[in-house]
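Comments concern the structure below.
The values are calculated or read from the model by the stated rules, or taken from the named source; none is laboratory data. Just so we're clear, the structure is a prediction, and the values are computed from it rather than from any experiment. Glycine also receives a Cβ, built like all others from the backbone with ideal geometry; neighbour counts cover every protein chain displayed. Areas reflect the complete protein model, heavy atoms only, side chains present, ligands, DNA and RNA absent. Shrake-Rupley method; radii C 1.70, N 1.55, O 1.52, S 1.80 Å.
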Amino acid sequence: MTHHPELFFTRFERFWHWGQAALILALIVTGFHVTGLLHWLDYELSASWHRIFATILIALWSFTIFWHLITGEWRQYIPSTEKMLEVVHYYSKGMFDPHLSHPFKKTRRRKHNPLQRIAYLILTVMIYPTLLVTGVLFAEYNRWHLVGIPSAWLFGVAGVHVAMAYAMVCFFLLHVYMAFTGRPATAAIKAMITGFVEVEDTELDTSRDYQLLVVEDDPVIALMIQGWLDGEEVREGESILPIKFVITHVELLQEAEKVLKHGGIDLILLDLSLPDSDGLETFLKVRGHAVDVPILVINELENEELQSRVVHEGAQDFLVRKNLSRRILLRAFRFALERHYRLMQGR
Amino acid sequence: MGFWCFSRVILILVAVFFFQGPLHASDSMIPSKGSTTHHEKLQALNGPFATGQEVTRACLGCHTEAAAIIRKTLHWTWEYEHASLNKVFGKKHVFNTFCGSVVSNMRSCTSCHIGYGWQDPENTRVQDDQVDCLVCHEQTGTYKKYNFGLAELKFKDKVLKKPDYVAVAKSVGRPGRANCGSCHFYGGSGDGAKHGDLDSSLIKPVRALDVHMQENGLNFTCVTCHNAPDHQISGSRYDMKAQDPLGIDRPGRTDGSRTSCASCHGNEPHHTIVKLNDHVDRVACQTCHVPAMARGGVETMVFWDWRTAGQNKGNTEVPGILQREGHLPEKISFRHSRTHGTLLWGANLVPRYAWFNGKVDFLSLNEKLAPTGPVGINRIFGSVADSSARIWPFKKMWAMLPYDPVNQTLVTNHTIQDGPEDKEALEQSGDLKRSVAAGMKAAGFPFSGEIGFREGVMYFPLTHMVAPREQSLTCRECHRNGGRMDGVEGVYMPGRQNNPALHAIGKGCVLLTLIGISVHATLRIVMRPRRRLRT
């Protein structure tokens, strides 16, 4: 399998990541001086720098939240269970076997495996906000009486802050360790510095939408396919097919020919039995209009003779309607596109 | 750190530049300078004066109301009516952990009374000319007071020593440090014995000892802060203010008293490290700025053991209570005398800290003691829940005090002879039972004849000997485990591990994480050679 570098982490993300890492490390060091656990530094120095670092971090977070909202990158942190077991299995066992690779294939759209998603979600919805709220309360202790907070609450507020600080330390240690579990060990660190990740060559361009032409006279089937590629289920399907489709649906061969004349279609899903055409003839006509476009064929029944002829004529796959499922369909899409891509590249 | 040091140097340079002016001694601080009257030129003071009373009569010739005003002061009455406790305190009515009580010892104790004539019948003691103006106002430093408050040292009506009354009278001015110090530095049996923050080192203090009184600096006198309208000296240990929310004293706007740090410095006194101002509401200024007691090289007494009074040999056993709740000098050296028992002194001692709202209650003479535990000669009030309380530094003076185990009261001890013919005093008889019997008789309280000893403790809030900023406490002195605030409860203090269980759990989690990482990493390393073999 060959690889190519792809820009995963933009300059802002890298600045945010390393800035945040440095600030959090500094906050851990100064913070544990303030709690009385460390004694290398002067108390006054650590206490005042703890406040300064925290202020900078809050500013950085503000920018980062804004950036995530604007770019939509916040979706990277939506938890997912897909391949969760495989990933857990990989870290607990598979990693020791050099022949196994990470079961989760990262893409620009999905940079985090399900474990990462959950870890980062805990970090961003529990540890960070709790530290932030208790920390600000702690710093503003001398104004509590203005809003009527009993001063004895400081024990609780400080206690939660310290507890979360320990959680932060554990996260930090694990995160740093995990950063060295790539192949090679420094791959993830390198990626976070340069922004580029070595991704397996996939012929699919994950950065754009694919134009799918569905030629199907049965509206039920058409709707079903549309549903599989749309909405909630598409997200799950992404592991099979990390791209998005824009669907054009037609019911007649005539209409399909019109669309194909326009060009821009990446993939065709073709029902051979149409009101104005049937069988192999349908395929040949469509192919005549789209020589470079991979075509997937759907037929009412299994028909080995027809199947072999259609494939012989260049169809990517022959799917039988009653066996159709989302998984089968999406996998067929992927193979079709990749095979076609390789064919076009002469490989 | 380099930047930090550098910025501090700059700060100090800036501070020196800006504060240069006030650091020079101001003439107005020197007693009698700037007065519209030169007492040297007053013919009324040409004398000759045979007694102190004659000088006083000369003073009253101009200062017509002085005697009447003086007789209303605590310095004169030795009585203090505590309004909120509804009790009468004052030297006449309270115990201490030193000689016990002034009762039955008035002959000697009145050498610190601002009057003359305690040998005279009671009705003549209150006459105008019995007021001693000189002890507070003379500036020669030669004036001393002896028995019965007299300025003449007498033996059997023969005057052995007497001041040059004319010179002394012509020197008068505003009281200097030595005037107040002539009594307040020597209370409790000698220089520095009593307070821990008042001793003769304050007469000519250096900057490191007292930043306000520094002779070549601000050169404050006691009355610069203890301002005394109508001769009523402001600031009293019987009814203190643990904090001054009124802040900087402005005539007509505040209480007119300058006996709080805030009355000059305000309640946000720190300008370079503003965070320190967040402490002001709960921590007394003195807690950080009076870093130790007895800092002037004069020792203060920390323990008085009356058990060995009258005996030829002293006690050399260090009481455990001193280690736990008192002050243990670095070098333990007991001093013993037959008339005093065994004493322990020390200098540069770390204060004890406690919540304090300014209220102090004193044990009354003849008050029934609690059956067990140390006897609180005075009791301080305050807690974290009390918003008027702050954390204050204290000298805790411990003593083994004689008491009556039958009547369960402390006893007054007739320690000093009333006269040469007095055989009952402890200094004469060396018999504590006899001197206590005499003391109790003089006080008019029942005495069973039995003597026992009880641990007694007395709190002295520390507020003098204010160190310059570079000697004030660093944060870490308190913000750590086993720091100075150990035992001060109810307050969350960063740096003191307020919740050991939480830290134990936290450390456990971190440890488990590290173990997990180590195991995982080890497995990865162990598995690696196999990969190499295969390839």
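Looking across region B:306-316, the residues that are within 24 Å of B:R352 (Cβ to Cβ) and either within 25 Å of the chain's Cα centre (by Cα) or modelled with pLDDT of 85 or more (or both) come down to B:W306, B:R307.
Only a single criterion out of (1) closer than 30 Å to B:M397 by Cα; (2) open to solvent by 20 Å² or more (accessible area, probe 1.4 Å) is not satisfied by B:T124, namely (1). Residue count for region A:123-142 under the criterion of being free of Cβ contacts under 8 Å to residues at least 24 places away in the same chain, of a type in the set (A, V, I, L, M) and within 14 Å of another protein chain (Cβ to nearest Cβ): the result is 1.
Residues are listed down the side, and each one gets a yes or a no for (1) within 30 Å of A:P150 (Cα to Cα); (2) open to solvent by 20 Å² or more (accessible area, probe 1.4 Å):
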| site | (1), (2) |
| --- | --- |
| B:E299 | no, yes |
| B:H340 | no, yes |
| B:V360 | yes, no |
| B:G373 | no, yes |
| B:S383 | yes, yes |
| B:D386 | yes, yes |
| B:I391 | yes, no |
| B:M400 | no, yes |
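Pull up region B:192-215, narrow it to residues that are out of contact with any helix residue (DSSP H, G or I) (no Cβ under 9 Å at 6 or more places or on another chain) and of a type in the set (A, V, I, L, M, F, W, C), then point me to the one that is surrounded by the most Cβ atoms within 10 Å (Cβ to Cβ). Looking at the filtered set, the residue picked out is B:A193. With respect to the conditions (1) open to solvent by less than 30 Å² (accessible area, probe 1.4 Å); (2) more than 32 Å from the chain's Cα centre (by Cα), A:F318 lacks only one, and its number is (2).
Residues satisfying the criterion are absent from region B:481-500 (criterion: away from chain A (no Cβ under 14 Å), without any contact (Cβ under 8 Å) to a residue 60 or more places away in the chain and acidic (D, E)).
Farther than 27 Å from A:W40 by Cβ, buried (at least 18 other Cβ atoms within 10 Å of the Cβ) and either more than 8 Å from chain A (Cβ to nearest Cβ) or without any contact (Cβ under 8 Å) to a residue 40 or more places away in the chain (or both), is that true of B:V457? Criteria met by B:V457. Flag: B:L511 matches the condition of being farther than 26 Å from B:I321 by Cα, over 30 Å from the mean Cα position of the chain (by Cα), within 11 Å of chain A (Cβ to nearest Cβ) and open to solvent by 70 Å² or more (accessible area, probe 1.4 Å). Would you mind finding the one in A:Y77, A:Y91 that is more than 21 Å from B:K275 (Cα to Cα), among the hydroxyl-bearing types (S, T, Y) and within 13 Å of chain B (Cβ to nearest Cβ)? None of the other options fit; the residue is A:Y91. Against the condition touching a Cys at 6+ places or on another chain (Cβ under 8 Å), over 23 Å from A:F196 (Cα atoms) and aliphatic (A, V, I, L, M), how does A:A47 come out, does it pass? For A:A47, the condition - touching a Cys at 6+ places or on another chain (Cβ under 8 Å), over 23 Å from A:F196 (Cα atoms) and aliphatic (A, V, I, L, M) - is met. Of the residues that make up region B:302-314, is at least one among the acidic types (D, E) and assigned to a loop (DSSP other than H, G, I, E, B)? The answer is no, given that none of the residues of region B:302-314 is among the acidic types (D, E) and assigned to a loop (DSSP other than H, G, I, E, B). Of all residues in region A:40-50, those satisfying the criterion of being more than 8 Å from chain B (Cβ to nearest Cβ) and touching a helix residue (DSSP H, G or I) at 6+ places or on another chain (Cβ under 7 Å) are A:L41, A:S46, A:W49, A:H50. Out of all the residues in region A:100-116, is one or more within 14 Å of chain B (Cβ to nearest Cβ), assigned to a loop (DSSP other than H, G, I, E, B), free of Cβ contacts under 8 Å to residues at least 12 places away in the same chain and more than 25 Å from A:L23 (Cα to Cα)? Within region A:100-116 (the criterion being within 14 Å of chain B (Cβ to nearest Cβ), assigned to a loop (DSSP other than H, G, I, E, B), free of Cβ contacts under 8 Å to residues at least 12 places away in the same chain and more than 25 Å from A:L23 (Cα to Cα)), the answer is yes, since at least one residue qualifies. Evaluate region A:261-272: report whether one residue or more is over 34 Å from the mean Cα position of the chain (by Cα) and either buried (at least 16 other Cβ atoms within 10 Å of the Cβ) or in a strand (DSSP E or B) (or both). For region A:261-272, residues over 34 Å from the mean Cα position of the chain (by Cα) and either buried (at least 16 other Cβ atoms within 10 Å of the Cβ) or in a strand (DSSP E or B) (or both): present.
B:P163 passes every criterion in (1) open to solvent by less than 20 Å² (accessible area, probe 1.4 Å); (2) part of a loop (DSSP other than H, G, I, E, B); (3) out of contact with any Ser or Thr (no Cβ under 8 Å at 6 or more places or on another chain); (4) of a type outside the set (F, W, Y) apart from (3). The lone criterion from (1) among the aliphatic types (A, V, I, L, M); (2) within 14 Å of chain B (Cβ to nearest Cβ); (3) more than 23 Å from A:T181 (Cα to Cα); (4) part of a helix (DSSP H, G or I) left unmet by A:A59 is number (2).
Quick one: would you say B:Q119 is open to solvent by less than 10 Å² (accessible area, probe 1.4 Å) and either under 21 Å from the mean Cα position of the chain (by Cα) or farther than 30 Å from B:T342 by Cβ (or both)? When the stated conditions are applied, B:Q119 does not pass them. Of all positions in region A:9-21, at least one carries a residue that is out of contact with any Cys (no Cβ under 7 Å at 6 or more places or on another chain) and of a type in the set (D, E). Consider A:Q307 carefully, then state whether it is in a helix (DSSP H, G or I) and touching a strand residue (DSSP E or B) at 6+ places or on another chain (Cβ under 6 Å). Criteria met by A:Q307. For region A:169-195, the set of residues classified as in a helix (DSSP H, G or I) and either more than 10 Å from chain B (Cβ to nearest Cβ) or in contact with a strand residue (DSSP E or B) (Cβ under 6 Å, 6 or more places away or on another chain) (or both) consists of A:H175, A:A179, A:A187, A:A188, A:I189, A:K190, A:A191, A:M192, A:I193, A:T194, listed by residue number. Which one of these does A:G148 not meet: (1) within 18 Å of B:R282 (Cα to Cα); (2) at pLDDT 95 or above? Only one criterion in (1) within 18 Å of B:R282 (Cα to Cα); (2) at pLDDT 95 or above is unmet by A:G148, namely (2).
Evaluation of A:H145 against the conditions (1) open to solvent by 70 Å² or more (accessible area, probe 1.4 Å); (2) in contact with a helix residue (DSSP H, G or I) (Cβ under 6 Å, 6 or more places away or on another chain); (3) part of a helix (DSSP H, G or I); (4) within 13 Å of chain B (Cβ to nearest Cβ) shows that the sole unmet condition is (2).
A:L38 meets the conditions (1) in a loop (DSSP other than H, G, I, E, B); (2) closer than 15 Å to A:L60 by Cα in every case but one. The failed one is (2).
If you go through region B:268-286 and keep only what is within 23 Å of the chain's Cα centre (by Cα) and either among the aliphatic types (A, V, I, L, M) or part of a loop (DSSP other than H, G, I, E, B) (or both), you end up with B:V280, B:D281, B:R282, B:V283, B:A284. Report, by residue number, each residue of region B:404-433 that is under 14 Å from B:L363 (Cβ atoms) and either surrounded by fewer than 17 Cβ atoms within 10 Å (Cβ to Cβ) or under 25 Å from the mean Cα position of the chain (by Cα) (or both). Matches in region B:404-433: B:Q408, B:L410, B:V411, B:T412. The set of residues from region B:329-338 being over 18 Å from B:H195 (Cα atoms) and either assigned to a loop (DSSP other than H, G, I, E, B) or open to solvent by 80 Å² or more (accessible area, probe 1.4 Å) (or both) comprises B:E330, B:K331, B:I332, B:S333, B:R335, B:R338.
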